[in-house]
1. Taking just the alpha-carbon atoms of the chain, what radius of gyration and Dmax come out, in angstrom?
2. In region 63-93, which trypsin sites (Lys or Arg not before Pro) fall in coil by DSSP and have 13 or fewer other Cβ atoms within 10 Å?
3. If the chain between LEU18 and ALA141 were fully stretched, how many nm would it gain, using 0.36 nm times the residue separation less the Cα-Cα distance?
4. Using a Cα distance threshold of under 26 Å, what count of lysine pairs results for the chain when pairs must be 8 or more residues apart or interchain?
5. If you line up the long axis of helix 38-69 against the longest principal axis of the chain, both from Cα atoms, how many degrees apart are they, to the nearest 10?
6. Provide Rg over Rh for region 12-81; use the alpha carbon set for both Rg and the Kirkwood Rh (inverse mean inverse pair distance).
7. Ordered by packing density, taken as the mean number of other Cβ atoms within 10 Å over each peptide's residues, highest first, how do 75-85, 211-221, 117-127, 28-38 rank?
8. Test of understanding: what is the full-extension gain from TYR80 to THR100, defined as 0.36 nm times their sequence separation minus their Cα-Cα distance?
Amino acid sequence: MVFINSFKTKAEAARMSLSLPTEWVFSNYAEVIEKGDLIQGFTNSLLYALAATTLGVLLCAMAAFVLCRKRTKLNTFLYYFVLCGLFFPVNYVTLVRVLTTAHLNDTRTGIVLVFTGAMIPFCIFTIRNFVISVPVELDEAAVIDGAGPVSLFFKVIMPLLKPTMATCFILQLMSVWSDFLTPLYLSGKSKLFPMTMAVYQFFGKNKSYWNYIFADIVLTCIPVMIVYMIGQKYIVGGMTSGAVKE
């Protein structure tokens, strides 16, 4: 319905029917890109998604390794404390107050940090369960060969974590790209809006250009679909590559 209605006129698209357009309006996409400032929105979405996901997955992999290998009472408490983030909803009022106090509200840095923090519970939970399956003997052999904590993780453990890190990266990248509420609450400047918020340019109290809205949705979904199709191959390849050991 979204795809078909994105090629209709304003009046036809408002009916939201599944019938083919009586007149195919291909210029809807050009209008959306120009009036919705989608180039700027695409740049912001790409920045938020790549920066937050790369930072979050890498830091969570390092944290999961430590929490798994050093099972002290403090680390056990921290692990279950982090898991609480899977169940408790985000309080945007408090979040805005914290960012304002830190002078990070209405900034790209603040939005990236919020996205990064939001993915910590899921990524640590997922990666830690994978680290458990990695034999401790690998760590011991690397330490005997002279590996320090940093080289142990990046040269020995991290290559084994590629499948689960790729899974977390793709899922969180799609989640950040599609997020609407977080930029809505944390950005009051149009120059910070991602692609998902371009819909505000065509919908409001006195206007509703559904043909443009549907075109915007299609354009927003295309990058996510491409990332998923490319990433799926790497996930399967990474999992099968470690299935057979000599």
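1. 22.2, 73
2. Values: sites: ARG69, LYS70, ARG71, LYS73; in loops: LYS70, ARG71.
Within region 63-93, the qualifying trypsin sites (Lys or Arg not before Pro) (loop, at most 13 other Cβ atoms within 10 Å) are LYS70, ARG71.
3. Details: separation 123, 0.36 × 123 = 44.28 nm, distance 6.24 nm.
That works out to 38.0 nm of additional length.
4. 21
5. Computed tilt is about 20 degrees.
6. Numbers: Rg = 23.6 Å, Rh = 16.9 Å.
Checking Rg against Rh, the ratio lands at 1.39.
7. Numbers: 75-85: 13.5, 211-221: 22.7, 117-127: 20.3, 28-38: 17.6.
Those peptides, ordered most packed to least, come out 211-221, 117-127, 28-38, 75-85.
8. On the way: separation 20, 0.36 × 20 = 7.20 nm, distance 2.84 nm.
Gain on stretching TYR80 to THR100: 4.4 nm.
We did not get these values from a lab; they are worked out from the coordinates using the rules stated. What you see is a predicted model, and the numbers here were worked out from it, not measured in a lab. Positions of Cβ are backbone-derived with ideal geometry, glycine not excepted, and every protein chain shown enters the neighbour counts.
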